[in-house]
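Okay, structure first, notes after.
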Amino acid sequence: MKIKILAILIALLPFGGCTDLNLNPLSEGSSDTWYSNEVEIEMSLYELYRDVFWKVDQNDWNDDWVRRGETNPITSGTITGEWSVIEDVWSLTYKAISRSNRLLEKLELLKDVLPEETLKKFIAEARFHRASQYSKLISHWGDVVYFDKSLDIKESFNLSKTDKSIILQTIYDDYDNAASFLPLSYGSSEKKRATKGAAFAMKARIALYMGDYETARDAAEACINLGQYQLYPDFGELFLSSTKNPVETIFGLPRSTELGVYFSDTKNYIPRTAGGFATNDPSWECFCSFLCTDGLPIDESPLFNPRLPFKNRDPRCTATIVEFQTAHLGINYQPHPDSLKCYNFNTGTYVKNNDNRANSTYASYNGLVYKKGVDEDWNDDFMAANDIIIMRYADVLLMYAEAKIELNEIDVSVLNSINQVRARAYKVNVSQIASYPAIQTTNQNELRKIVRIERRMEFVLEGTRYMDIIRWKLAEKVLNIPNYGMLDVTLLRKNVVKKGLWFFPATPEIDEDGIADFSVLFNTSLIKLLGNRTFDVSRQYLWPIPSKEILINPKLKQNLGY
């Protein structure tokens, strides 16, 4: 028991050391003496769960996000092989692959030492990790270097790319092995590890990313049929730091402030009156993507009122974005330029409203702040211990529905999968179709739009939007749309408030992809341009290989356009 606890603690410690291709991690001792028994193998497996190996795509790479109009190499179209993020993801991904390969080789030598069932489970777990890392590579870079054994330096500098379709088949093989021999679940006291369901779900994800809808359908269905998962009843509670390892999580990593594994960027999400900076905020496009309670977009629904834009919206809207004039982190949130004071529920007094740009120049530039996952304890020490959710059941349901829609295999299971996710948002049973806007159409084009909008409403801030707009080829549209926000205070009062147009001066049109068009409001001087985003369609659907890798390996060719 002490050994198992030690392994868990090692897996949770902050990652240290360099990020180059390190085949012999210091925590695993000498490669000549390590991997000799079950304890050492299990500790080596725990190494593969370090959070640096499981970073999800950043939220500021997509159109749900605004940071005072700032851009980054992806949203400014300036991405190159010298970008540190590119270098880190590439290096860390191959480091995890190398560790998985070495572990698999050592396991082959322990056939006569370990019980057969234990051996198969360890092999399956290592192959799960390898498959997941290669999935990250081919989804972002396309054709990449592939190897399934330990390499010396000379060998590693002499490899060329392998076609991603070939790598995809090896990924499927690894996930199939993992699904065959991994357990359905682990004890509740043990940190979350890869399971049979995780293997099916992750296989479905990479198949969907690669446009292999038959495989995505079958893998998602296999995960569903395990009967191991269900939707957490309260969407808002699901992401809080107080909600640990919920039944909806298929694969995730825990955080612990006591052990030094935590989310440290909390202040940029916390409103200024509550002690934060309110720098990282939802975009207006994100806000407008949430449907009304009749299931219609805001420009079609008679229920939408631009003066009260949070009312009559899908419940995930106010679970994701803080509604005006409501309590959040003990403060009444109201960005109205005339609300110079706001109520502090903790002290029972009125205080200076620093979320008003009349009082604070750097309050949210578009009036919006995130609520999803922002818990009361974020204010204590500005260290958040929310679980890292990499795969959850709602994603599997929507992946299954999407795959079936693309195959034009539209049946009751497709509608039921989408409706389960939507009904949960309304906190009702899927059968209570009068209590939420249940999907009933069987038209393929309509359902394609519906499932994409459903994904957007469901997964804000979860790192899935970037790959969604990449695989749907929407990045060239949504990342070439400017970021807009409120006018500066003097003009805001004159052009919007005094004319009775607060909060939205007019309802923007929503196009066939669910994207809001703010150009009319901007052209009539009712909103302000915060910054321009740029996406280069000629190259940006794939990432550049790190330049230093090209320099040291003459056989490695750069992706087109970089």
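Quick note: the coordinates plus some simple rules give every number you see, no bench work behind them. As the structure is a computational prediction, the values presented were derived from the model and not from experiment. We place every Cβ from the backbone using ideal geometry, glycine too, and count neighbours over all the protein chains shown.
Looking only at segment 423-438, count how many residues are among the β-branched types (V, I, T) and touching a Lys or Arg at 6+ places or on another chain (Cβ under 7 Å).
0
Of the residues that sit in segment 508-522 and are acidic (D, E) and without any contact (Cβ under 8 Å) to a residue 40 or more places away in the chain, which one is nearest to C286 (Cα to Cα)?
Only one residue tops the list, namely D517.
Which of the following residues is in a helix (DSSP H, G or I) and either without any contact (Cβ under 8 Å) to a residue 40 or more places away in the chain or more than 27 Å from the chain's Cα centre (by Cα) (or both): L492, L560, L556, L501?
Unique residue meeting the criteria: L492.
From N366, N379, which residue is part of a loop (DSSP other than H, G, I, E, B), among the polar types (S, T, N, Q) and either under 30 Å from the mean Cα position of the chain (by Cα) or farther than 27 Å from L487 by Cα (or both)?
Of the residues listed, the single one that is part of a loop (DSSP other than H, G, I, E, B), among the polar types (S, T, N, Q) and either under 30 Å from the mean Cα position of the chain (by Cα) or farther than 27 Å from L487 by Cα (or both) is N366.
For every residue, the table says whether it meets (1) among the acidic types (D, E); (2) buried (at least 17 other Cβ atoms within 10 Å of the Cβ); (3) closer than 20 Å to M467 by Cα.
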position: S132; (1), (2), (3): no, yes, yes
position: I138; (1), (2), (3): no, yes, yes
position: W141; (1), (2), (3): no, yes, yes
position: V145; (1), (2), (3): no, yes, no
position: T162; (1), (2), (3): no, no, no
position: I171; (1), (2), (3): no, yes, yes
position: Y175; (1), (2), (3): no, yes, no
position: A178; (1), (2), (3): no, yes, no
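Out of the residues in segment 509-527 that are surrounded by 19 or more Cβ atoms within 10 Å (Cβ to Cβ) and over 27 Å from I450 (Cβ atoms), state the one that is nearest to the chain's Cα centre (by Cα).
Filtering first and then ranking leaves I527.
For segment 297-340, give me each residue that is more than 19 Å from G373 (Cα to Cα), aliphatic (A, V, I, L, M) and crowded, with 20+ Cβ neighbours inside 10 Å.
Once the filter is applied, which keeps residues that are more than 19 Å from G373 (Cα to Cα), aliphatic (A, V, I, L, M) and crowded, with 20+ Cβ neighbours inside 10 Å, segment 297-340 yields only I298.
Considering only segment 292-307, I want to know if a residue exists there that is within 21 Å of V56 (Cβ to Cβ) and in contact with a Lys or Arg (Cβ under 7 Å, 6 or more places away or on another chain).
no
Scan segment 190-202 and give yes if some residue there is assigned to a loop (DSSP other than H, G, I, E, B), among the small types (G, A, S), in contact with an Asp or Glu (Cβ under 7 Å, 6 or more places away or on another chain) and in contact (Cβ under 8 Å) with a residue 40 or more places away in the chain, otherwise no.
Yes.
Answer with yes or no whether L119 is of a type in the set (A, V, I, L, M), surrounded by fewer than 23 Cβ atoms within 10 Å (Cβ to Cβ) and assigned to a helix (DSSP H, G or I).
Against the criterion (of a type in the set (A, V, I, L, M), surrounded by fewer than 23 Cβ atoms within 10 Å (Cβ to Cβ) and assigned to a helix (DSSP H, G or I)), L119 qualifies.
In segment 248-262, which residues are in contact (Cβ under 8 Å) with a residue 24 or more places away in the chain and surrounded by fewer than 18 Cβ atoms within 10 Å (Cβ to Cβ)?
The answer is S256, T257, L259, G260.
For segment 377-430, give me each residue that is among the aliphatic types (A, V, I, L, M) and free of Cβ contacts under 8 Å to residues at least 24 places away in the same chain.
The answer is V412, A423, V428, V430.
Show the residue pairs meeting these rules: Cβ distance below 6 Å; 6+ apart or different chains; first residue within segment 279-291 and touching a residue at least 24 places away in the same chain (Cβ under 8 Å); second residue in a helix (DSSP H, G or I).
That search, which allows pairs on different chains as well, returns T279/N268; N280/N268; S289/R456; F290/C317; F290/M457.
Within segment 384-425, take every residue that is crowded, with 18+ Cβ neighbours inside 10 Å and assigned to a loop (DSSP other than H, G, I, E, B) and give me the one that is farthest from the chain's Cα centre (by Cα).
Per the stated criteria, the residue is A385.
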